[in-house]
Each structure stands twice: as structure tokens, then as C-alpha cells.
Amino acid sequence: MFVIPKTMRAVVYRGANDLRLETVPVPRIGPDELLVRVAACGVCPTDIKKIQYGTVAPPRIFGHETAGAIVRAGARVRRFKVGERVALHHHVPCLECHACRHHAFAQCAQYKRTGITAGFEAAGGGYAEYVRVMPFVLPGVVRIPPRNSFLEGAMLEPVNTVLKAVKRLALLRGDTVLVAGQGPIGLMFTRLLALQGMRVVATDLLPTRLELAREFGAVGLVEIRNPTAAAQSRVPRITHHASRITSPPVDPQLSTLVHQLTRGRGLDAAVIAVPSDAVVREAQALVRGAGQVLLFSHTRRGAQMSVDLATVCVDEKDLLGSYSADFGLQAEVARLVFSRQLDARRLITHRFPLAETAAAIELASHPTAESLKVVVTQGE
Ligand SMILES: [Zn+2]
Ligand SMILES: [Zn+2]
């Protein structure tokens, strides 16, 4: 029988840009909890920011896109047993509070608590050998089917955040949607929107990413050559009288393509999967009246930009955001990933052992032409 050791290796955040491989105690679990041996944990931009800018107090063990095997189950746990391969969600809503009744799970007080830890202040713990799964996040534990890998399991959480955002869009089959940025998240948007019958226009700086976007179902591809040059060239507005006066700079190739695909109507929606304000402005100009611009990557507090508010009021262009996952979508997300309709394996380009977590984070924060999702793996 597998014996759980007393201590384990973990990558401990000790301050801004200070990650150390340390030996820490294996977490103890209570009667309603699970102990999971981590097999894979995705590197997520939200953790990268906390680590690089030191925005939260150390010490912590990060990593929240976690999959692994249950090695111990508390005496009162009925739903799970030792040996099961599972994907974890570190945030689970209470389903009862005011925010939850409004389906605003990411604003629920319980949801904001992190229910998975490898020690210290709970922060996900996926960059350790074992994690403790607390009772209130047990409803977020998903079994991984035998044919699927731990790596695929670790992708459920990010895919969930993307599906949640897609559901915020008021789209009809055949609509034209811009997905700006084809990193791992942008590519998930491209795939999920294409699966729902949308015509996706994908933009990125890197041709390698656009090629994958095409394989994921994008019908229009635009390689943004030089964002600053594009931002400086002022191109005639496409649709609206109101925006004619103050039309923001738009990439000419993108503008032409959108014009062709929509017969001059404009985009039905745009998803901004790059933290660029110029791209938001561009999207706001390219969507039709009563279209939607959804922000997904603007997670840094304090960023400001000016918007012609008449585009919101008169042109009825919605500017909206989406953050984190939707607990209610878990079954649908699991189906999409495990059936490989969204083949998450194609998004994982790099795997690092636990001891090289810092290098994994470094690569994820400075992507190359070849890199997409970076995952820390143990024994898989
Ligand atoms: Zn994440
Ligand atoms: Zn709640």
C-alpha cells in the first residue's frame, strides 16, 4: 500500500519574485476533507502577477489548476475514495447568498475563499506534492475519466472561466466574433465560440498561434504586425455615424476583414484576451450597434482608459467583463474537455518538473512563438 510521507517538497513564495523549493509538512486533513497527490498544475497568469509583483503577503504555495489522485479521504467523506483521479477547483460558491442568487458566483464571499492548500495561507497549493481539499470545495472535485490525462484534468478550471465568459455574450448562431489574442485563453475562446457555430475572427502577433486558431475553427485570421504602427494609422470608421466623428485607430486589415465578413454591419461581439487598451478601443469601434465587448485580460487594478460614452448609451455597445469560473458549468466543461471537442492537449506545449516551477512561470510570463500553456507536472 502507498505510504504517505510526513514531509514533502513544495515551491514556497517568500516575496516578490522569490520562489524557493522547500521541504514542508504534508498537510493533515479533517474528517470531511481529501488529501490529493498532485500530478499536474497549470501555470496561470493570475498567480504569475501575484508572484512577480508581490501583491499578496508571503509565505504561500500557489498553483490552482490542479489535478491528481486522492491518497487519503476523511472518515466522513462519502462521495470520493482513495485512488480516484480528480481535477480540483479551489473556489466554490455557497449557492445561497445574495451574490449567488444573482448567479454572480465570483462575488460570493465563500467563493473568494481558497479551499485548497499545501500549507501556509491557502493559495491553491498545486506547486507542492500534496494538497488538502477543504469541505466547502468538495462539490468542485471532478473525476477524470480513465482515457483522459491529469493534464487534461488540470485544464478544466481555465476552460470553465472561458465558457463562463462566452455565456455572457448574447450571440446567435452564425454571428461574427473577434477574439483578440490567441494565447491559451484566446484559443479556448476561439474553439468554444466555433463549437457554438460562431464565425471567429482571430488576431495575434504570432503566426504560429494563428495557425492553431485556424485549426480550432477561426474563419478569419489577422496577424497584427506592429501594434503601435497600427494604433497610429487612422482608418475610416466602418459603420456608425456616431463613431465617425471620433473613430479610434483600427488595424486596416482587420477592419477590411470585418467589413467583408459582416457586409459592413460590424462585429456582433469582441473578446479581449490581451491586456491592451488600444485593442479595447479598436473592438469598441468594430462592433455593431448593440454589440458587446468583453474584457477578459484586464485584471490589473488601476488601468484607466477613456471611452466615448455615447458608444455605450446611443450605440448600445455593451462593455462587460468576466472573471473566474462558474460552478454551474462544471459538467459542461468536463464534457467539452474530456470528449476532446476542445482538445486541451493541443494547448499544452511545455511541462516542467516541480523543482523548476520558477522556470515554468518565467516562460509563461514571457511566451515564445512556440509556447502556449505551461504546466508543472509530477510523475506524469
Ligand atoms: Zn487560473
Ligand atoms: Zn454565495
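Within the same chain, aspartates and glutamates fewer than 8 places from residue 317 are excluded, and of the rest, those with a Cα less than 17 Å from its Cα are 175, 268, 277, 282, 308. Residues in the stretch 322-338 near a label at residue 107, defined as backbone nitrogen under 18 Å from the 7 Å Cα→Cβ point? Only 322-328 fall inside the zone, counting backbone N under 18 Å. So for the stretch 36-79, considering every pair of alpha-carbon atoms, how many percent are separated by more than 17 Å? Every Cα pair in the stretch 36-79 considered, those over 17 Å come to 50 percent.
Using R₀ = 35 Å, calculate the FRET efficiency as 1/(1 + (r/R₀)^6) where r is the Cβ-Cβ separation of residue 6 and residue 299; round to 0.05. FRET efficiency, residue 6 to residue 299: 0.40.
Using 0.36 nm per residue and subtracting the Cα-Cα separation, the extra length available between residue 349 and residue 84 on full extension is 92.8 nm. Computed from the C-beta positions of residue 260 and residue 331, the FRET efficiency with R₀ = 56 Å rounds to 0.90.
Each of residue 211 and residue 95 was given a label point 7 Å from its Cα along the Cα-to-Cβ line. The distance between the two points is 4.5 nm.
For the residues 187, 320, 151, what sequence is obtained by ranking on other C-beta atoms within 10 Å, fewest first? Let's see the in-between values first.
Numbers: 187 28, 320 12, 151 22.
In increasing order of surrounding Cβ atoms, one gets 320, 151, 187.
Between the residues 102, 165, 125, the greatest Cα displacement towards the positive end of the dipole of the stretch 94-197, with unit charges on the Cβ of Lys, Arg, Asp and Glu, is found for 102. When only Cα pairs under 8 Å and 6 or more residues apart are kept, what is the percent relative contact order across the stretch 1-130? The value is 28 percent.
Where in the stretch 26-121 are there GluC sites (Glu not before Pro) that are in a DSSP coil and have at most 10 other Cβ atoms within 10 angstrom of their Cβ? Don't jump to the answer; show the numbers that get you there.
On the way: sites: 33, 65, 84, 96, 121; in loops: 33, 84, 96.
Within the stretch 26-121, the qualifying GluC sites (Glu not before Pro) (loop, at most 10 other Cβ atoms within 10 Å) are 96.
What the Cβ-Cβ distance of residue 75 and residue 143 gives, at R0 = 22 Å and to the nearest 0.05, is a FRET efficiency of 0.60. The trypsin sites (Lys or Arg not before Pro) of the stretch 18-108 that DSSP puts in a loop, and whose beta carbon has at most 16 other beta carbons within 10 Å, are 28, 76, 78, 79, 81. Sorted ascending by nearby beta carbons within 10 Å, beginning with the fewest, 190, 23, 299 become 23, 299, 190.
Model label sites at residue 359 and residue 225, defined 7 Å from Cα along the beta-carbon direction, differ in position by 3.7 nm.
Laboratory data are not the source of any read-out in this text; all were calculated from the coordinates shown. It should be emphasised that the depicted structure is a prediction, and the values quoted were computed from it without experimental measurement. Every residue, glycine among them, receives a Cβ derived from its backbone with ideal geometry; neighbour counts consider all protein chains shown.
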